[in-house]
Amino acid sequence: MVDNSTNTIQQLHAPPKPLVVYGAIFVLLFLPLVISTPLATEILIWAIFGMGFNLLLGYTGVLSFGHAAYFGLGAYSAGLAFRYLDAHLFVGIVAGILAPMILACFIGALAIRKRGVYFAMISLAFAQMLYFLALSPLKEITRGEDGLTHIPAMALFSFSLGKPLPLYYFVLVITAIMLYSTWRILQSPFGKLLQAFRENEERAKACGYNTTLVKFFSLVISAFYAGLAGALNTVYLGYVPLTTLFWLTSGTMVMMTILGGKGTFLGPLVGVGVFLFLQNTISLITPRWELFVGSIFVAIILLFPGGIMGTVEEKIAAYRMRRASK
Amino acid sequence: MFEIPWNVIAMQFFFGIALGCIFVLLSSGMSIIFGLLDVVNFAHGTFAMLGAYAVFVVVSLTGNFFIGLVSAVIIVGIIGMFVEFILLKPLYGKDPLLPLLLTFGLSVAIPDLIKIIFGLIGKPVNYPEALSGIIALGPVIIPGYRLFIILFTLVAIISLWLFLKKSDLGMIIRASTRDSLMVQTLGINVSRIWTIGFAIGVGLAALAGAIAAPMMSATPDMGVDMTMTAFVVTVVGGLGSLGGAIVGGLLIGLVVAFTAFIAGEYSSVSMYFCMALILLLRPRGLFGEQGRE
C-alpha cells in the first residue's frame, strides 16, 4: 500500500509519456477543421508563449508579471527588422528571440535573487518601462500608439505565408518543435532541478545547487519562448500593436497558465485554448468580457488552484490510488 | 542652456511634493497591508479608483467635498473588509503567490463593473470652492488645492503614525506585523486584526484616489497606473516600511514632476528608471530591512 502511494505521487510528477506529446501534435493538425484558422493560429502562438511561461511559473515557481516585455520586445524586434532592414523571415525571428533573451539577462541579474512577490512587482515595473518607452520617447521608430505597421508579407522559400492555412502549418511546425523541446527539457537534469527548487528551494540549496543561477537560466529560456511567440505574432498579424507590451498581455498570460494548470505539461495549451475561446465567445455577447474573465479567474484561484489540467491529473491520481488499494 | 527662473523651479518642486503626497498615501496603505498580511495587493490602485468614484457619487449627492473624502475612506474600507474576509482569508497559509494572483483578478474584473455602472467616460469631480483659488507666496504661485493636498497628507500621515504608535489597536497591529503567532498566543484574535489592517490599507488607497480625483477626474482605468506607482514607490522605499513609503513617494513625485517639466515625453518612464537605479545601487530599497526582499 505504501509503495503504491509513492508510485502514484511519482506518476503525478513524472514527465508525460511520449504518447501525450505526439497525441497533442496530432490533434493540433486538425484544429483548423474545428475552429477558424486565424483563431487556431493565435492559439498556437500563445501556446508557445505559455509553454515558456509555464516553465518559469509552473516548473520553477517564479512568477514574472512582466512577460509582456519579452513578448512585445520579440514582436517589435522582428517587426523592426522586417520593416526597416527587409530582413529574411528567419533573421527576423532570430532577432525577435535574441533581444528578449538579452533583456531577460539584464532583468534576471538585477532581480532574480528577490523573493517571489518582489520579483513579480519588479518584472511588472520593467515591462511598464518598455511600454512607456515605446509609447512616447521612441515613437519615431515604434510609431507609438498606432503600432508598427507596413510590415511586408512573409514568404518561406517562395511559399507565401500571407494565407491563413499555410501560416497555420508553419506555426504548427514550430509549436511541435517547442512542445518536443519542452518535454526534453523537463526530462533533463536541468528540468529535474527546476522542479526540485519549486518543491523545496532550501533543500535544493542545502544539496549544493546554485538556485539563483538555475532560476536565472529558467528566466532566460522562458524569454526565448516569449520572444519566439512575439516574432510569430508579428508574422501572423502583419503589424505590431503597442498592446503587445501592455501589462494586460502579461496578465492574460498569467490567467491562461493558471486556468490551464501551472506545472502541468498540457496546461498552457489547454489554458490558452479555453481562454481565447471564452474571450472570443463572450466578446460576441458583451464588450465587458474582462468582468467575466476576471471573475472566473478569481473563482479558479479560490476553488481550483491547480487549474483544469491540475485538477484532471489529481482526479486520475486519486482514481489510480483507489484502484491500487483494492 | 537658458536660465530657468528660480520661482519656476520652486513651483515645480511644489507640484512634485503635492504629487508625491498622493503617492505617499497610496504606498503607505500598500506597505501596511504587506507588512501585516504578507499580501502584495495588486488591486491597490483599483481600490484607489473606487475611492475616486465614491467621492464623485457623494459629492454629487451632498455637494460637500470633505464629506466625500471621509465617506470614500469608509465605503472602500468596508468593501476591503469584505474582500479580505471572503476572498483572501481562504488563501492564507497556502502558496504566497495566490493572494497576489487573486487581487490581480479583481483588478481585471472591477474596472469593467465600474464601466457598466458609470459608463466608459471618466467622471469629473469639481474642486471644492474654498480651495480652487491661487495662493501667491511672493513670486511663487501655488494652486490652493495642491497646498491643501500637502497639508491634508501631513495631517493624515501624522494621525496614522500616532494611531500606530500610541493606540492599543495600533500597537496590536505593529506587534502582529512583527510576529502574528506570538500575538495570537496572547489571546488576541489576529484574524480580525488582519481584516482591520486590510481595511486601513485600502482606505488609505481610497483617500489617495479621492484626493486625486479633482485633478485627474475618476476614470475606470486609472487603477492600474496607481498600482504600478505604488509598486515602484515600494521597491524604491523598501518593502513593508512606512518611512520608505513616505520618502519613496515624495522622491518619485519630484522625479515625475521635474521630468514632466524638462522632458515631457519621458515623464511616465522616469520613475521606472529611478527604480532600476535604486535596484542597482541599493537592492533592498532606501529603508528596507535586509533580507525582507
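Every number here is computed from the coordinates shown, using simple stated rules; none is lab data. Being a predicted model, the structure only gives us computed values, none of them experimental. Using ideal geometry, Cβ is built from the backbone for each residue, glycine included, and neighbour counts are taken over all protein chains shown.
In this label model, A:A318 and A:A206 are separated by 3.2 nm, measuring between points 7 Å along each Cα→Cβ vector.
Taking R0 as 35 Å, what FRET efficiency do you get between A:T149 and A:S181 from their Cβ-Cβ distance, rounded to the nearest 0.05?
Once the sixth-power term is evaluated, E becomes 0.60.
Residues considered: B:I75, B:I117, B:I200. Largest GNM mean-square fluctuation over chain B, using C-alpha springs under 10 Å, is found at B:I117. In order along the stretch B:229-243, the phi-based Karplus estimate (6.51 cos²θ - 1.76 cosθ + 1.60, θ = phi - 60°) of 3J(HN,Hα) comes to 4, 4, 4, 4, 4, 5, 5, 5, x, x, 5, x, 10, 5, x Hz; Gly and Pro are listed as x. Cross-link partners for B:K123 among the lysines, with Cα-Cα distance under 17 Å and sequence neighbours closer than 8 places in the same chain left out: B:K115.
Which residues make up the longest stretch of chain A that has no chymotrypsin sites (Phe, Trp or Tyr not before Pro) in a DSSP loop with at most 10 other Cβ atoms within 10 Å?
Details: sites that count: A:F30, A:F157.
Longest run free of exposed loop sites: A:158-326.
With 10 angstrom as the radius, rank B:V224, B:V125 by how many other C-beta atoms surround their C-beta, starting from the fewest. Provide the component values of the computation, followed by the final result.
On the way: B:V224 21, B:V125 24.
In increasing order of surrounding Cβ atoms, one gets B:V224, B:V125.
Taking a ≥ b ≥ c as the square roots of the eigenvalues of the Cα gyration tensor, the stretch A:246-287 is classed as oblate, since a/c reaches at least 1.5 and a/b does not exceed b/c.
Close amide H pairs (under 5 Å, H built 1.01 Å from N) link A:L161 with A:M154, A:A155, A:L156, residues at least 5 positions away or on another chain.
Run lengths n ≥ 4 of DSSP H only: what is the helix-derived mean residue ellipticity at 222 nm for chain B, with -39500 (n - 2.57) per run over all residues, to the nearest 500?
Working: 11 runs with 209 residues, N = 293.
Calculated at 222 nm, the ellipticity per residue is -24500 deg cm²/dmol.
Counted by Cβ distance under 12 Å from A:L56, the other residues give a net charge of +3, where Lys and Arg count +1 and Asp and Glu count -1. With a Förster radius of 25 Å applied to the beta-carbon distance between B:A263 and A:V91, the computed FRET efficiency rounds to 0.15. Here B:A10 and B:I67 are evaluated by their C-beta separation; at R0 = 30 Å the FRET efficiency comes out at 0.35.
Please give the net charge around A:I308, taking every other residue with its beta carbon less than 14 angstrom from that of A:I308, where Lys and Arg add +1 and Asp and Glu add -1. Don't skip to the end; give the middle numbers.
Details: positive: A:K262, A:K315; negative: A:E313, A:E314.
For residues surrounding A:I308, the net value is 0.
Here the Karplus relation 6.51 cos²θ - 1.76 cosθ + 1.60, evaluated at θ = phi - 60°, turns the backbone of the stretch B:257-262 into coupling constants of 5, 6, 5, 4, 7, 7 Hz, with x for every Gly and Pro. Helix screen, chain A: DSSP H segments with Cα axial length of 18 Å or more and mean Kyte-Doolittle hydropathy at least 0.0 are A:37-54, A:68-85, A:89-111, A:116-135, A:164-187, A:211-237, A:247-260, A:267-285, A:289-303. Annotation for the stretch B:28-78 versus the stretch A:29-82: alpha-carbon center distance of 36 Å. The amide H of B:A218, built 1.01 Å from its N in the peptide plane, has B:K123, B:V125 as neighbours under 5 Å, considering only residues 5 or more places off or on other chains. Using a simple spin-label model with pseudo-atoms 7 Å out from Cα toward Cβ, A:E140 and B:M215 lie 3.2 nm apart. Distant-in-sequence amide contacts of B:I141, defined by a placed amide H-H separation under 5 Å and a gap of 5 or more residues or a different chain, comprise nothing. The spacing between the stretch B:111-181 and the stretch A:188-216, judged by their C-alpha centroids, is 45 Å. Here the spin labels are modelled as points 7 Å beyond Cα on the Cα-Cβ line, and at A:Y84 and B:L169 they lie 5.7 nm apart.
Please label the shape of the stretch A:180-326 as rounded, prolate or oblate, based on the square roots a ≥ b ≥ c of the eigenvalues of the alpha-carbon gyration tensor (a/c under 1.5 means rounded; beyond that, a/b larger than b/c means prolate, else oblate). It comes out oblate by the Cα gyration axes.
For the stretch A:114-170, the gyration tensor built on C-alpha atoms gives an oblate shape. Its axis ratio a/c (a ≥ b ≥ c) is at least 1.5, and a/b is not larger than b/c.
Within a straight-line Cα-Cα reach of under 28 Å, A:K114 can be paired with the following lysines, leaving aside sequence neighbours fewer than 8 residues apart in one chain: A:K192, A:K205, A:K215, A:K262, B:K89, B:K94.
Comparing mean-square fluctuations of A:A226, A:A153, A:A69 from a GNM of chain A with C-alpha springs under 10 Å, the top value falls on A:A153.
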